[in-house]
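Right, one structure below, let's go through it.
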Amino acid sequence: QWAEVEADPTPGIVEVGREVFLHHPEQDYTKIYYTIDGTIPDESSLVYNISTSYYQPELIKPIIIDKTTTIKAIAIGIGKNDSNVRTFTYEVE
């Protein structure tokens, strides 16, 4: 099974406009799918890291927090089971 997705900054209270970055220890081999509407992410959800065969960080756009937001994320790749879904909740100050 793939490791779980991680987020930076740590969930909690943040200022309006804060950028959230998702990452995975094996980013070259997995795609991170996420939702911000409370649904469970799958392969039809938003894709965080478009490029997987050659990691290109310039293609990754952070998630901007402008209101209280819950991000649910999963790592999906070939050769292993999908990761567990992680939930990250950010509240604005």
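The values are calculated or read from the model by the stated rules, or taken from the named source; none is laboratory data. Every value quoted in this text rests on a predicted model; they were computed, and no experiment measured them. Because the Cβ atoms are built from the backbone with ideal geometry, glycine has one as well, and the counts that use them run over all protein chains shown.
Points to keep in mind about this one:
- Scanning region 45-93 for residues that are of a type in the set (A, V, I, L, M), at pLDDT 90 or above and surrounded by 10 or more Cβ atoms within 10 Å (Cβ to Cβ) gives L46, V47, I63, I64, I65, I71, A73, I74, A75, I76, V85, V92.
- Region 1-44: number of residues that are surrounded by 12 or more Cβ atoms within 10 Å (Cβ to Cβ), closer than 19 Å to N81 by Cα, modelled with pLDDT of 95 or more and not hydrophobic (A, V, I, L, M, F, W, C): 6
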